[in-house]
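The values are calculated or read from the model by the stated rules, or taken from the named source; none is laboratory data. This one's a predicted model, so the numbers in the text were calculated from it and none came from an experiment. Neighbour counts run over all protein chains shown; Cβ positions are idealised from the backbone, glycine included. To get the accessible areas, we keep the full protein, side chains included, count just its heavy atoms, and leave off ligands, DNA and RNA. Shrake-Rupley method; radii C 1.70, N 1.55, O 1.52, S 1.80 Å.
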Amino acid sequence: MARIFSGIQPSGELHIGNYLGAVKNWVQLQATHPGAIYCVVDYHAITGAYDPAVLRARRWGMAKSLLAAGIDPVLSALFMQSDVPEHTELSWIFTTITPLGDLERQTQFKDKSSKMESIPAGLLMYPVLQSADILLYRADRVPVGEDQIQHLELARDTARKWNAKFGVEYFPEPKPLLTPARRIMGLDGNAKMSKSLGNTIGLLESDEEIWQKLRPAVTDPQRVRKSDPGRPDVCNIYQLHKAFSVESTQEHVAEQCRTAGWGCMDCKKVLLEGMVQELTPIRRRSEALDAEPARVLDALADGARAARGIAQETLGEVREVMGLNAVAVPTG
Ligand code: TRP
């Protein structure tokens, strides 16, 4: 059976963008793929300037909200990347077979490094560590959003190259499992939803807080007056209906928008109902974890132990193939 691996940056509590873009899919995959491996990639989060206290809080917030969102530590291994040192070990090995040009061509590297005066080598190596994350578990399916396709291509190249160089069919070529939900735009309607842009709704926010953010959110820019017919297909709020409302509601909302039967506020109120429906149980679970933080720590410890078992096995085999195992007197 396919082995699932995925990783997420420790950006603090989840918001509806990374929930719909990836994590909801992770949760659903657990039913068909017990033994999935999900990792909070803290070593990936230190390639730029950061405050250790903030990182500490964000690792916690991410681990807690993944559990609240429905990652079940009985079905899956959830752990912190830096708790399993084999990630960085395999990453070093992969740097020795990765062409520099392939790394310099990565769009994410080009975007980020173009704004920097001094570029940390770790930023360039970011996708090598990502390949190691995946291949360490010989995972072949990686549920991610579209923006990770290029990084996964590199992971496949790395698997192929290592196998060819050492003449073994060891690493499978991991393929992306794209999330059915499209890229979720921020509430400003301008850019992808992201915490650093402040255009998100947190997964754990109260109904009232959600409404305060939905109310001013951008809709179809051509719909100026309530009497103007709207275009659901270009409206960001309609995209959210597709994620949070049942199908019959989606159809009704679209019809009311096109015929200017409803104004945007009416539409947003119905969206709020759908969001409250889905997010309330998540918020409840998060409150329970706040009251009993040891459950988060236990889940991470169990997850790291399970992950490490597989990781050590892989590293042992890799070192053996590469001539890095026990010291032996050369014979002959
Ligand atoms: N680069 C991914 C992101 O920014 C996070 C990540 C790190 C990842 N390692 C991974 C995703 C391995 C999937 C598999 O979202």
request  = Within region 34-49, identify whether any single residue is of a type in the set (Val, Ile, Thr) and touching a Leu at 6+ places or on another chain (Cβ under 6 Å), and answer yes or no.
outcome  = yes
query = For region 11-26, does any single residue satisfy the condition of being of a type in the set (A, V, I, L, M, F, W, C), more than 21 Å from GLY145 (Cβ to Cβ) and either away from the ligand (no atom under 11 Å from the Cβ) or in contact (Cβ under 8 Å) with a residue 24 or more places away in the chain (or both)?
reply = no
inquiry  = Give me the helices (runs of 4 or more DSSP H) completely within region 217-329, filtered to those with at least 3 residues that are more than 23 Å from TYR38 (Cα to Cα) and open to solvent by less than 30 Å² (accessible area, probe 1.4 Å), ordered by residue number.
reply    = 236-244, 247-258, 264-291
key: Output for region 152-176, where each listed residue is outside any loop (DSSP other than H, G, I, E, B) and either within 10 Å of the ligand (Cβ to nearest atom) or modelled with pLDDT under 95 (or both)   = LEU152, ALA155, PRO176
query = Can you find even one residue in region 26-35 that is in contact with a helix residue (DSSP H, G or I) (Cβ under 8 Å, 6 or more places away or on another chain) and of a type in the set (Gly, Ala, Ser)?
reply = no
request  = Keeping to region 98-145, report how many residues are in contact with a Lys or Arg (Cβ under 9 Å, 6 or more places away or on another chain), away from the ligand (no atom under 11 Å from the Cβ) and of a type in the set (D, E, K, R).
outcome  = 3
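Yes/no matrix, rows are residues, columns are (1) farther than 29 Å from LEU20 by Cβ; (2) in the same structural domain as ILE46 (by TED's automatic domain parsing); (3) small (Gly, Ala, Ser); (4) assigned to a helix (DSSP H, G or I):
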{"position": "PHE109", "(1), (2), (3), (4)": "no, yes, no, yes"}
{"position": "GLU117", "(1), (2), (3), (4)": "yes, yes, no, no"}
{"position": "LEU123", "(1), (2), (3), (4)": "no, yes, no, yes"}
{"position": "TYR126", "(1), (2), (3), (4)": "no, yes, no, yes"}
{"position": "SER131", "(1), (2), (3), (4)": "no, yes, yes, yes"}
{"position": "ILE134", "(1), (2), (3), (4)": "no, yes, no, yes"}
{"position": "ALA139", "(1), (2), (3), (4)": "no, yes, yes, no"}
{"position": "VAL142", "(1), (2), (3), (4)": "no, yes, no, no"}
{"position": "GLN150", "(1), (2), (3), (4)": "no, yes, no, yes"}
